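In what follows, a single structure is set out as structure tokens and then discussed.
Just so it is clear, none of the values below were taken in a lab; they were calculated from the coordinates. As the structure is a computational prediction, the values presented were derived from the model and not from experiment. Cβ placement follows ideal geometry from the backbone for every residue including glycine, while neighbour counts extend to all protein chains displayed.
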Amino acid sequence: MKISYIIPFFAILIFSCQTKDHQSETNSSGLPSYRMETVDSVTVKDILARIFMFQTADENHVVFRDRATSDVYVFDRDGNPVDKWDKTGDIPGAFSIASGNLTLDKAGNLVVLDVMNGLKVFKKNGDIVQNFGIYQNQWSLGGAFSLFKSYQVIEKEEKEYLLYSLDIIEEATGDYGPEYLQARNNLILTDLETEETKTFLPFPEGSQFLNGNVFLFNDFKPVFTYDEKSQLLYLMFQNEPILYTYDWSGEEPILKDQTKLDLTGFVAGEGFEKGAVSFGKISDNKINPYPSSVLNLEKYGENIIITYKPTPSDKGDLALAASGEVSKELKAKLYEESKKRTVILTQKGDIVPLSLPEMILYDFSVLGEDIWWMKKYTGDEEQEDYTVYKSRLVKE
């Protein structure tokens, strides 16, 4: 079976910090280089699924899902089937294709957040542990299927929480304007035992999203990762090339550092005047075609892995794309120029490009020291056997 892109449309303490000098993305001599080295793989066979994707793994099991349905597949580490179940339709614990990827809590239960149906926790056999509702109904939803994480199970003070964001967290009071962004909290934390939920973390002082304009929601949706060992929260907003680092050793995260990153081809937007963008609009190709976007942020050892999409450099090409007057050849050119790129931000502040193997969606999942990914399928016949690879970054 060929795997295709499908886009479903179902729809942050303010502190002043100096921004560090621009970091450069370069292959210059003297900088380290990295490669991915495969250390293990798991092959599963005889699968009949429309969009079969890796979800998560622990020392005993590997979990997959058909992202076009709610079918969940559990295998042992040798690829032998252990369980298969689904939560489709009007049943307890139901979740839809609008949900994110399954992740694990410390007990080995599967956690999934569905913007349509809420937060769910299951045992690996499908039994319901928690069946929470959604925190806030969403105005508009969108995004392609991805192996990148959109939420994270974290532990603080011996309690487990889900750390996440939603496109819309609260409704605007009156017209959508800069006042909304000045007051907005960007992250959500839900207690996985009690469902107690709070929003927190406004835009830091100096963020472009406090410049008095309004923005499309994909521009300021956060990507983040929390490192439990150091108790640091790393966060970027999708259209702002600044890495914010928060000390989260206390009850609330405190901004510790902000670093402006010189990502090749990345163009940050200035926003739009009030009234030019409607509330809840995710993106708009007519006014902002091929926007730069930070897609994923992962702490890996002492470094940070960042995946982003650049903006094509030719403004004339972008104007044609905005008008809809784009040829097949130009569309292919723009697609190539805006392909995802992955870089490593080293502990010393260098930005080093990372070449990745051909992957499904060019995406991967970081679990501890391991990077899990699946090969891009290029065969003509329907695919029934799938292999997920476990790799690690090696410094050359």
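Select from the stretch 32-46 the residues that are buried (at least 17 other Cβ atoms within 10 Å of the Cβ) and of a type in the set (A, V, I, L, M, F, W, C) and list them in ascending order. Steps first, answer last, please.
Let us first name the residues in the stretch 32-46 that are buried (at least 17 other Cβ atoms within 10 Å of the Cβ), namely 34, 36, 42, 44.
Once the filter is applied, which keeps residues that are buried (at least 17 other Cβ atoms within 10 Å of the Cβ) and of a type in the set (A, V, I, L, M, F, W, C), the stretch 32-46 yields 36, 42, 44.
Give the stretch 58-98 a look and list any residue that's polar (S, T, N, Q), within 22 Å of residue 372 (Cα to Cα) and more than 23 Å from the chain's Cα centre (by Cα), or say none. Walk me through how you get there before you give the answer.
Going residue by residue through the stretch 58-98, those that are polar (S, T, N, Q) are 60, 69-70, 80, 88, 96.
Pick out the ones that are also within 22 Å of residue 372 (Cα to Cα) and you get 60, 69-70, 80.
Across the stretch 58-98, the qualifying residues are 60, 80.
Please identify the pairs in which a residue from the stretch 219-231 that is of a type in the set (S, T, N, Q) has its Cβ atom under 6 Å from the Cβ atom of a residue that is part of a loop (DSSP other than H, G, I, E, B), counting only partners at least 6 apart or on another chain.
231/248; 231/249
Looking at 192, 232, 210, 201, which is the one that is crowded, with 18+ Cβ neighbours inside 10 Å and either touching a Pro at 6+ places or on another chain (Cβ under 8 Å) or over 30 Å from residue 109 (Cβ atoms) (or both)?
On the way: 192 fails: either touching a Pro at 6+ places or on another chain (Cβ under 8 Å) or over 30 Å from residue 109 (Cβ atoms) (or both); 232 fails: either touching a Pro at 6+ places or on another chain (Cβ under 8 Å) or over 30 Å from residue 109 (Cβ atoms) (or both); 210 fails: crowded, with 18+ Cβ neighbours inside 10 Å.
Of the residues listed, the single one that is crowded, with 18+ Cβ neighbours inside 10 Å and either touching a Pro at 6+ places or on another chain (Cβ under 8 Å) or over 30 Å from residue 109 (Cβ atoms) (or both) is 201.
Among the numbered criteria (1) at positive phi; (2) part of a loop (DSSP other than H, G, I, E, B), which single criterion is violated by residue 339?
So residue 339 meets the others, but not (1).
Can you pull out the residues in the stretch 347-382 that are β-branched (Val, Ile, Thr), over 29 Å from residue 58 (Cβ atoms) and either in a strand (DSSP E or B) or in contact with a strand residue (DSSP E or B) (Cβ under 7 Å, 6 or more places away or on another chain) (or both)? Before the answer, list the steps.
Quick first cut of the stretch 347-382, residues β-branched (Val, Ile, Thr) only: 351-352, 360, 366, 371, 378.
Now restrict to residues that are over 29 Å from residue 58 (Cβ atoms): 351-352, 378.
Listed by number, the residues that qualify are 351, 352.
What residue, among those in the stretch 327-363 that are more than 27 Å from residue 235 (Cα to Cα) and among the aliphatic types (A, V, I, L, M), is nearest to the chain's Cα centre (by Cα)?
334
Is at least one residue of the stretch 229-241 within 25 Å of residue 138 (Cβ to Cβ), outside any strand (DSSP E or B), aromatic (Phe, Trp, Tyr) and under 23 Å from the mean Cα position of the chain (by Cα)?
no
Please count how many residues of the stretch 276-297 are under 19 Å from residue 223 (Cβ atoms) and among the aromatic types (Phe, Trp, Tyr). Reasoning before the result, please.
Restricting attention to the stretch 276-297, the residues satisfying the condition of being under 19 Å from residue 223 (Cβ atoms) are 282-283, 288, 290-297.
Subsequent filtering for residues that are among the aromatic types (Phe, Trp, Tyr) retains 290.
Of the residues in that region, 1 qualify.
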